[in-house]
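The values are calculated or read from the model by the stated rules, or taken from the named source; none is laboratory data. Every value quoted in this text rests on a predicted model; they were computed, and no experiment measured them. In this analysis, Cβ positions are derived from the backbone assuming ideal geometry, glycine residues included, and neighbour counts consider all displayed protein chains.
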């Protein structure tokens with residue numbers, strides 16, 4: 001559902017010439033492509049087709065959404081054993097066809113799968129990154145905007161770390177119109193905690209009700225794709241490897257980075273509080289342990 005919804009979003013946005021969908025389920029992918037093709041006359045023209053790895057040769061971007069879906073009661077880390085094998089199988093096929101391709105990892109657990117892919121191809125570390133906490137960040141901005149009566153696009157607050165239970169909100173850097181959020185609208189500690197938990201646990205509530213989340217992440221994928229295809233140099237909280245920042249290395253997690261045609265162009269250097277640094281390090285340690293246990 002994430003892959004097909006992202007494809008639909010790309011068609012509606014009219015930002016790419018061709019979309020090729022690859023899936024092991026031949027009957028499903030043919031039906032999805034046909035349905036997507038029928039939407040094309042209502043938008044701009046996009047060539048949508050059932051694809052193969054050969055289509056990667058002249059592509060700009062591969063979006064990986066395949067793998068087992070998260071079930072009610074499962075955490076994203078519970079999917080690790082199921083989905084890591086898939087990633088190890090498909091990554092060599094991708095770069096064999098096109099060594100210059102940008103790879104956007106969306107499958108969960110996105111941070112560890114991103115890290116596994118980068119360890120397989122360390123020279124491609126700027127070309128491989130995960131969707132990370134873009135959705136968590138969007139959820140927090142929506143909730144904050146509703147609370148303080150401001151367009152969420154004007155709220156600049158980030159959720160970083162693991163895309164999962166150990167993620168954290170960077171309240172020390174949160175702003176509205178270049179004004180620290182506490183100076184714009186005083187939120188109590190309990191309110192901040194409540195809003196953060198609503199954002200963090202939103203996926204569990206949605207999965208319980210309809211088995212999967214796909215509209216919002218589909219929209220996020222479209223925006224990242226736009227930044228890559230048009231070299232927009234947009235800042236997103238994407239999952240990428242750290243090399244000693246905040247005392248963390250050897251693990252991929254989400255922090256703000258500038259995204260353009262070549263992938264990750266640069267990381268945004270941030271000053272965060274001592275408590276936030278401690279929580280970020282704890283999030284990194286959890287991811288390291290999970291990847292080590294897998295190995």
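If I filter the range 166-191 down to residues being touching a residue at least 12 places away in the same chain (Cβ under 8 Å) and more than 25 Å from residue 111 (Cα to Cα), which single residue comes out as surrounded by the most Cβ atoms within 10 Å (Cβ to Cβ)?
Our first condition is that a residue be touching a residue at least 12 places away in the same chain (Cβ under 8 Å); within the range 166-191, this holds for 166-177, 181, 184-185, 187, 191.
Checking the rest, the ones that are also more than 25 Å from residue 111 (Cα to Cα) come to 175-177, 181, 184-185, 187, 191.
Working: 175: 15, 176: 19, 177: 9, 181: 21, 184: 16, 185: 13, 187: 18, 191: 12.
Looking at residues that are touching a residue at least 12 places away in the same chain (Cβ under 8 Å) and more than 25 Å from residue 111 (Cα to Cα), I get 181.
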### Summary
Given the conditions (1) closer than 23 Å to residue 217 by Cβ; (2) within 21 Å of the chain's Cα centre (by Cα); (3) touching a residue at least 24 places away in the same chain (Cβ under 8 Å); (4) in a helix (DSSP H, G or I), every one holds for residue 36 apart from (2)
#### Entry: From the options 213, 237, residue that is modelled with pLDDT under 95 and crowded, with 17+ Cβ neighbours inside 10 Å
213
### Message
Please determine whether any residue of the range 96-103 is in a helix (DSSP H, G or I) and either under 18 Å from residue 213 (Cβ atoms) or not assigned by TED's automatic domain parsing to the domain that holds residue 223 (or both).
### Response
yes
### Task
Answer yes if at least one residue in the range 77-90 is outside any helix (DSSP H, G or I) and more than 17 Å from residue 240 (Cα to Cα), and no otherwise.
no
### Summary
Within the range 50-73, residues surrounded by 14 or more Cβ atoms within 10 Å (Cβ to Cβ) and over 29 Å from residue 209 (Cβ atoms) come out as 50, 51, 53, 55, 56, 59, 60, 61, 62
### Query
Would the range 137-154 turn up any residue that is within 13 Å of the chain's Cα centre (by Cα), under 15 Å from residue 235 (Cβ atoms) and modelled with pLDDT of 95 or more?
yes
### Query
Among the residues of the range 140-152, is there at least one that is surrounded by fewer than 16 Cβ atoms within 10 Å (Cβ to Cβ) and within 23 Å of residue 66 (Cα to Cα)?
no
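Of everything in the range 267-282 that's in contact with a helix residue (DSSP H, G or I) (Cβ under 9 Å, 6 or more places away or on another chain) and assigned to a helix (DSSP H, G or I), which residue is surrounded by the most Cβ atoms within 10 Å (Cβ to Cβ)? Talk me through it step by step, then tell me what you get.
As a first pass, look at the range 267-282 and keep what is in contact with a helix residue (DSSP H, G or I) (Cβ under 9 Å, 6 or more places away or on another chain): 267, 269-273, 275-277, 280-281.
Retained after the next criterion (residues that are assigned to a helix (DSSP H, G or I)): 275-277, 280-281.
Details: 275: 11, 276: 20, 277: 16, 280: 26, 281: 14.
Among residues in the range 267-282 that are in contact with a helix residue (DSSP H, G or I) (Cβ under 9 Å, 6 or more places away or on another chain) and assigned to a helix (DSSP H, G or I), the one surrounded by the most Cβ atoms within 10 Å (Cβ to Cβ) is 280.
Could you tell me whether residue 63 is part of a helix (DSSP H, G or I) and either within 25 Å of residue 219 (Cβ to Cβ) or modelled with pLDDT of 90 or more (or both)? Can you show your working first?
Details: part of a helix (DSSP H, G or I): no; either within 25 Å of residue 219 (Cβ to Cβ) or modelled with pLDDT of 90 or more (or both): yes.
For residue 63, the condition - part of a helix (DSSP H, G or I) and either within 25 Å of residue 219 (Cβ to Cβ) or modelled with pLDDT of 90 or more (or both) - is not met.
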